[in-house]
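The values are calculated or read from the model by the stated rules, or taken from the named source; none is laboratory data. Model, not experiment: these values are computed from the prediction. Note that each Cβ is placed from the backbone with ideal geometry, even for glycine, and that neighbours are counted across all protein chains shown.
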Amino acid sequence: MAWDGAPAVAAVSHGVAALAFAALAAWLLRRGWRQRPHARLMGHAAAVTAVWAAVLSAATASGEVDGITMLAGVADALRTAIWLAVLLRLAGADRRWLACAMLLPASAVVVASTQGLSPLWQAGLPLASSVLGMLLVEHLYRGAARNTRWGIKFACLAIGALFAFDFYLYSDAMLLRRLNPDIWAARGIVNALSAPLLAIAMARGPAWTPALRLSRQIMFHSAALLGAAMYLMTMAASAWYLRYVGGAWGALMQLACLCGAALLLVAVLFSGAMRARLKLFIGKHFYQGRYDYREEWQRVTRALADDAGGLSERAIQAMAALVESPAGMLWLRREDDLYRSVTRWNMPLPAAEESPEGALCHLLSDRGWVIELPEWQRHPARYDHLPPPAWAEGVWLVVPLMLDRRLFGFICLAPPRTAFQLNWEVRDVLKIAGSQAASYLAHRASADSLSVARQFESFNRMSTFIVHDLKNLVSQLSLLLANAEKHKANPAFQEDMLQTLSHSLGKMKHLLLKLRRDDAPDAVAPLQLDQLLVRAVRLHASSEPRPSLDLRAAGLTVLAHSQRLERVIGHLIQNAVEATPRSGQVAVRLDAAGGAAVIELSDTGHGMSEQFMRERLFQPFVSTKAAGMGIGVFESREYLREIGGQLQVASAPSQGTTFRITLPLYKESTHGQEQAAGG
């Protein structure tokens, strides 16, 4: 390979490197350092590097071009061989690894000693050796325990710099078919800068990795780096060929090829499907088990314990990462003992629910299966010919979330990015991760319930203070009454008395509106719904918009407390009026369906989003009003459940809201005993 550099600059640069590494070798090989771990090995490597730099310095100073080319190739191969041996020894590799690693430097010696070979061979083998060196440095650092990286980081940085600069030098030479004189001249100085870093690292007395352990993560990162290096070498050779045969268009074709290759490489490296295929290939052909259990357990635990984002979505993502799935959704058991979808990740939520006695929940809870939906559809006999869920279109796996041997919920996952074979190992890992996710989700639900209980306690404490204010008002009125016997004929006293009474009455009304309680909250009686709705709508007759009433069924009777049910309906009407502009409409309808009374309250207001209704609408102490306490809708739903009814809501932003109340009809038995229909 042609070399036309400045001999004096290169000779001085390599001379500085020779002095630096000679001093390092003398320091490491002195008697007091021989007992330190790997001090002699590092000292011998520094001595060989010093000899390499001195030989190249002398050769470049002589000006013999052919001698420089041959000496550079042979000396570089020997220097590369000693540093590869150092890295393998530090990583605890056996002789087989060492013999395999020495094949590249040995081939480079043969190529450097042979005249007339292609420049691609002369630069390609040293380039491959530098890539191998960078991979070993990466393995050494990644394989070390975190508490030992403090001692080895400078050594990894120094040795990595030696191989990284060689990669830069020979990749440029492979592309341009000659060694760049400026890069060559700077090589000695760059190598000399590594000597102080090695001295610092050895002074710290590092603890090196005891054995060469190729974990899945190390293999994956190393394979990706090696593949990227081979790809870049191939693209560089292609670009050189295009420049060679392209004539006037050669330079343009070369640059276009290099830029396109770089963009394609970045796209491939960021492709989740390609990463999934590479992990599957490594796990299938290099390891007996599919998973590194320690690594996977730590990853799942970190994902669930992370504070960023919602816990439900993180649980889906942690489970999906185990099988390379790009999407999923979480189903949890709600207050009515039905399982509903609560969170999604890259997948739409179905408007469906699952009963605990259904086929899906039976297979998940009683058998503890990780269900593969395509297999269920292909082989229904394995699932006792039970029908698969109708909503499960596009679902691949259903993973149970077991807590205390009960089904807490389940996670549905979309098909993986690449072909993925399910076996006992995958299913066991998914079950264990599902139990871990269930414990975190249950802990979060308990924490939320405790927070609500504390808020109710705070609310009760606030009520105590209000009662204290009422006591003060009563005392004030009692004092007024006592003074009235003495000063009732005094006009000034009469005026003060009227002002005091007016002020006290206003405060008492305000407090009573907040603390109003029914005289007999548990006393229920048959109620005519049409009469109750007439009263509730009449109370809002002066509101804008004015609510309308449509009695499609008359004479419907339910069993409830009159004031509490009227307060529930009045609260929903008030909310509808406040959410609707004056030009809008608020309608109340009464009908009967399926042995039950149905009350619908509709408005044309601003509406609510699906996420708000699912996560916040029925949560206590959550209100969109500036002065709201956030317990009205929550209290309404709880009371309707007490009397056997239901409260449902349908809404969309800018399209209005409809609340639907369903109450069991009251019927009187032939013996005169009161009962609710269906009760």
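It is to be established whether one or more residues within region 319-326 are among the hydroxyl-bearing types (Ser, Thr, Tyr), touching a residue at least 40 places away in the same chain (Cβ under 8 Å) and closer than 21 Å to residue 646 by Cβ.
Applying the first criterion (among the hydroxyl-bearing types (Ser, Thr, Tyr)) to region 319-326 yields 325.
Now narrow it down to the ones that are touching a residue at least 40 places away in the same chain (Cβ under 8 Å): 325.
Then drop every residue that is not closer than 21 Å to residue 646 by Cβ, which leaves none.
For region 319-326, residues among the hydroxyl-bearing types (Ser, Thr, Tyr), touching a residue at least 40 places away in the same chain (Cβ under 8 Å) and closer than 21 Å to residue 646 by Cβ: absent.
For residues that are among the polar types (S, T, N, Q) and in a loop (DSSP other than H, G, I, E, B), scanning just region 606-625, find the one that is modelled with the lowest pLDDT. Can you show your working first?
Residues of region 606-625 among the polar types (S, T, N, Q): 609, 611, 619, 623-624.
Restricting the remaining residues to those that are in a loop (DSSP other than H, G, I, E, B) gives 609, 619, 623-624.
Numbers: 609: 84, 619: 73, 623: 60, 624: 57.
Among those residues, the one meeting the criterion is 624.
The residues on offer are 108, 77, 54, and the sole one that is under 24 Å from residue 195 (Cα atoms), crowded, with 22+ Cβ neighbours inside 10 Å and either assigned by TED's automatic domain parsing to the domain that holds residue 23 or at pLDDT below 80 (or both) is 77.
Restricting the search to region 373-403, which residues are surrounded by fewer than 17 Cβ atoms within 10 Å (Cβ to Cβ), under 22 Å from residue 325 (Cα atoms) and either in contact (Cβ under 8 Å) with a residue 40 or more places away in the chain or of a type in the set (Asp, Glu) (or both)? Those that are surrounded by fewer than 17 Cβ atoms within 10 Å (Cβ to Cβ), under 22 Å from residue 325 (Cα atoms) and either in contact (Cβ under 8 Å) with a residue 40 or more places away in the chain or of a type in the set (Asp, Glu) (or both): 375, 391, 393, 394.
Is it the case that residue 160 is assigned by TED's automatic domain parsing to the domain that holds residue 22 and at pLDDT 85 or above? Write out each step before concluding.
Values: assigned by TED's automatic domain parsing to the domain that holds residue 22: yes; at pLDDT 85 or above: yes.
So residue 160 fits the description; yes.
When 648, 585 are checked against the criterion of being surrounded by 15 or more Cβ atoms within 10 Å (Cβ to Cβ) and at pLDDT 85 or above, 585 stands alone in meeting it.
Whenever a residue of region 404-417 is assigned by TED's automatic domain parsing to the domain that holds residue 321 and more than 19 Å from residue 349 (Cα to Cα), its partners that are among the aliphatic types (A, V, I, L, M) and modelled with pLDDT of 90 or more, lying with C-beta atoms within less than 8 angstrom and at least six residues away or across chains, give the pairs 407/401.
Across region 383-403, what is the number of residues that are more than 26 Å from the chain's Cα centre (by Cα) and acidic (Asp, Glu)? Break it down into steps so the answer makes sense when it comes.
From region 383-403, those more than 26 Å from the chain's Cα centre (by Cα) are 383-390; that's our starting set.
Keeping just the survivors that are acidic (Asp, Glu) gives 384.
The number of residues fulfilling the criteria is 1.
Residue count for region 169-193, restricted to those that are in a helix (DSSP H, G or I) and farther than 18 Å from residue 77 by Cβ: 12.
If you check 198, 193 for being at pLDDT 80 or above and closer than 22 Å to residue 144 by Cα, only one passes: 198. Residue 342 fulfils the conditions (1) within 20 Å of residue 421 (Cβ to Cβ); (2) modelled with pLDDT under 90; (3) in a strand (DSSP E or B) except for a single criterion, (1). Each residue in region 436-457 was checked for being over 23 Å from residue 355 (Cβ atoms) and either free of Cβ contacts under 8 Å to residues at least 12 places away in the same chain or within 18 Å of the chain's Cα centre (by Cα) (or both), and 14 of them qualify. No other residue among 328, 310 is in contact with a strand residue (DSSP E or B) (Cβ under 9 Å, 6 or more places away or on another chain) and at pLDDT below 85 apart from 310. Does residue 429 meet the test of being over 15 Å from residue 360 (Cβ atoms), crowded, with 17+ Cβ neighbours inside 10 Å and assigned by TED's automatic domain parsing to the domain that holds residue 324? Yes, satisfied.
Has region 354-372 got at least one residue that is assigned by TED's automatic domain parsing to the domain that holds residue 315, of a type in the set (Ser, Thr, Tyr) and without any contact (Cβ under 8 Å) to a residue 24 or more places away in the chain? Before you say what the answer is, go through the steps one by one.
Residues of region 354-372 that are assigned by TED's automatic domain parsing to the domain that holds residue 315, as a first pass: 354-372.
Subsequent filtering for residues that are of a type in the set (Ser, Thr, Tyr) retains 355, 365.
Checking the rest, the ones that are also without any contact (Cβ under 8 Å) to a residue 24 or more places away in the chain come to 355.
Yes: one or more hits.
Considered as a group, the residues in region 558-598 that are among the polar types (S, T, N, Q) and either closer than 20 Å to residue 633 by Cβ or part of a loop (DSSP other than H, G, I, E, B) (or both) include one that is farthest from the chain's Cα centre (by Cα), and that residue is 563. With respect to residue 537, is the statement that it is at pLDDT below 90, among the β-branched types (Val, Ile, Thr) and assigned by TED's automatic domain parsing to the domain that holds residue 604 true? It is true that residue 537 is at pLDDT below 90, among the β-branched types (Val, Ile, Thr) and assigned by TED's automatic domain parsing to the domain that holds residue 604.
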